[in-house]
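The values are calculated or read from the model by the stated rules, or taken from the named source; none is laboratory data. Keep in mind that this is a model prediction, so the values were computed, not measured. In this analysis, Cβ positions are derived from the backbone assuming ideal geometry, glycine residues included, and neighbour counts consider all displayed protein chains. Ligands, DNA and RNA are excluded from the accessible area calculation, which covers all protein heavy atoms including side chains. Shrake-Rupley method; radii C 1.70, N 1.55, O 1.52, S 1.80 Å.
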Amino acid sequence: MTQVHGNATPNAAAQGDRTNLGRLIGAGLILVSVVLLGLGAYLGPVRYATSTPGKLTVETCTVDYKYRSSSSSSSSRKKTKTRWCYGTFTSDDGKVKDLNAELRSDALYQRGHVIEARKTSDISYMQDHGWVHAIAVGCAWWFGALIALAIGVFAAVTGFPYGQSESQGLFRTSLVTVAVGVLGLVVSLLVVFFT
């Protein structure tokens, strides 16, 4: 009969440390999901509801090109293009008028063109795409938060990816929640794109 000498405790301790790390990662993902929920509320319906509706009469539009490198090679530089329109913003109620308004535009407009716009702060403006667009932006962030929350809860409970899965039911629930989050995110982004 062969006897094995040694202690299995170091392996158990290392496994416990890794499980705790998985739970810590899960708690971090839950925190990320809360931040995403807040951003979704602010960048979507809250910002739209608290902004001042009006119109921007275009004086001029320009294109801003920025180059960024995706690697150390200069041949792989990517060019991003941002359109800006400048002109006079007048609120619908006539109380606010800004002669030096600028907003990020979806197209280059000719002088005199009137763009539906919203004043979001003292110096910030955005195009008015309507409530559907604002709600879709919020939903995109919220569905992203749902994905992070589902993975975070699963990792916090089980210590995944280092621990053993404690519940097949929790795994299935998390998987379905992630699938709903991905589907909702895709639909929300499509609504944002087409509105």
Can you tell me which residue within region 48-64, out of those that are among the charged types (D, E, K, R) and open to solvent by 70 Å² or more (accessible area, probe 1.4 Å), is farthest from V137 (Cα to Cα)? E59
Hits in region 178-191 (condition: open to solvent by 40 Å² or more (accessible area, probe 1.4 Å) and in contact with a helix residue (DSSP H, G or I) (Cβ under 6 Å, 6 or more places away or on another chain)): L185, L189, V191
Among the residues of region 60-79, the number that are over 24 Å from T120 (Cα atoms) and at pLDDT 80 or above is 1
Enumeration of residues in region 123-136 that are β-branched (V, I, T) and under 16 Å from T88 (Cβ atoms): I123
Could you grab me the full set of residues in region 86-119 that are within 23 Å of G44 (Cβ to Cβ), modelled with pLDDT of 90 or more and buried (at least 16 other Cβ atoms within 10 Å of the Cβ)? F89, S91, A101, E102, L103, I115, A117, R118, K119
Six or more apart or on different chains, Cβ atoms under 6 Å: show the pairs whose first residue is in region 91-106 and closer than 12 Å to S124 by Cβ and whose second is polar (S, T, N, Q). none
Among residues of region 120-156 being touching a Lys or Arg at 6+ places or on another chain (Cβ under 8 Å) and either closer than 24 Å to G28 by Cα or modelled with pLDDT of 95 or more (or both), the residue surrounded by the most Cβ atoms within 10 Å (Cβ to Cβ) is A155
Against the condition modelled with pLDDT under 90, surrounded by 14 or more Cβ atoms within 10 Å (Cβ to Cβ) and not polar (S, T, N, Q), how does G159 come out, does it pass? yes
Please go through region 99-122 and pick out each residue that is more than 9 Å from F89 (Cβ to Cβ), among the basic types (K, R) and out of contact with any helix residue (DSSP H, G or I) (no Cβ under 8 Å at 6 or more places or on another chain). R104, R111
